[in-house]
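Rule-based calculations on the coordinates, nothing more; no lab input. Treat the numbers as computed from the prediction; the structure is a model and nothing was measured. Here the Cβ is made from the backbone with ideal geometry for all residues, glycine too, and neighbour counts use every protein chain on show.
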Amino acid sequence: MKTLYIGHTGETPLGEIWVAVSESGLVAVDFPSTREAFTIALKQRHAAEVVFDLQRTAEAVRQLREYAAGERRTFTLPVDWSGMGTFQQKVLELTRQIPYGETRTYQHLAAQLGNPRAARAIARAQATNPIPLVIPCHRVIGSDGALRGYGAGKGIATKQQLLDLEAHSKPTALDAGKNTP
């Protein structure tokens, strides 16, 4: 049985953020949530043993705290893709490449995948993104510029909050050197 290690950020401007990591990388990010709700969801989705371990989750927690504070623009965390289907992996990998402070449309991502008619499928893959923030699905918007659904936090209000955070953040020391892509 797979083991997932969980930890949390404590209070941030986005609320308390919970993370789960495996031996292969980041598996899930959830906010706001509770330890109990996060554990139940992980056990259902991954049929895994869930262990609270702040040491194993320390790097993910640190980077998420920095992001929530407007101090980090890129994440250097490995992702464990094993709980996702091939199509979702492709969509989320493209999403992960959207630069900080920029947006793309569902249509744009569909075209990048070579199927311009797949915008709804792209939206569905985004809606079930298990790693929001690190895989920045909040940066994907409608073709008309409108914000469409967001599954984390308080929905569209959180999506707007994240876009505002990125629009108003200034480069920091974390943006130089080893933490840039």
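Structural remarks
- Backbone amide hydrogens, once placed in the peptide plane, bring residue 2 within less than 5 Å of 49, excluding anything fewer than 5 places away on its chain.
- For a label point 7 Å along the Cα-to-beta-carbon line of residue 143, residues of region 101-128 with backbone N under 20 Å: 103-127
- Rounded to the nearest 20, the Cβ-based charge dipole of region 55-181 about its Cα centre (Lys and Arg +1, Asp and Glu -1) stands at 240 debye.
- Residue (of 141, 121, 8) at the positive-pole extreme of the chain, dipole from beta-carbon charges: 121
- Here the extension length gained between residue 154 and residue 3 equals 51.4 nm, from 0.36 nm per residue of separation less the Cα-Cα distance.
- Calculated SAXS-style log₁₀ I(q)/I(0) at q = 0.08, 0.12, 0.20 Å⁻¹ - the chain, Debye, Cα scatterers: -0.24, -0.54, -1.49
- Under-5 Å amide H pairs with residue 151, H placed in peptide plane, nonlocal only: none
- Alpha-carbon geometry of region 1-101: the Rg and the Dmax are 13.4, 39 Å, given in that order.
- Stokes-Einstein D (µm²/s) once Rh is taken as the Kirkwood radius of region 86-168 over alpha-carbon pairs, at 25 °C in 0.890 mPa s: 197 µm²/s
- Net charge, residue 17 excluded, C-beta distance under 10 Å - Lys, Arg +1, Asp, Glu -1: -2
- Reported to the nearest whole Å, the Cα centre-to-centre distance from region 1-42 to region 91-106 is 23.
- Amide H to amide H distances under 5 Å link residue 16 with 33, where only residues 5 or more positions off or on other chains count and H is placed in the peptide plane.
- Applied to region 157-164, the Karplus parametrisation 6.51 cos²θ - 1.76 cosθ + 1.60 on θ = phi - 60° returns per-residue 3J(HN,Hα) values of 4, 6, 4, 5, 4, 5, 5, 5 Hz, with x for Gly and Pro.
- The phi torsions of region 122-135, fed into the Karplus equation with coefficients 6.51, -1.76 and 1.60 and a -60° offset, translate into couplings of 4, 4, 5, 4, 5, 5, 10, 4, x, 10, x, 6, 5, 9 Hz, rounded to whole numbers, with Gly and Pro shown as x.
- A crude spin-label estimate for the pair residue 168 and residue 16, with each label 7 Å from Cα along the Cβ direction, gives 2.6 nm.
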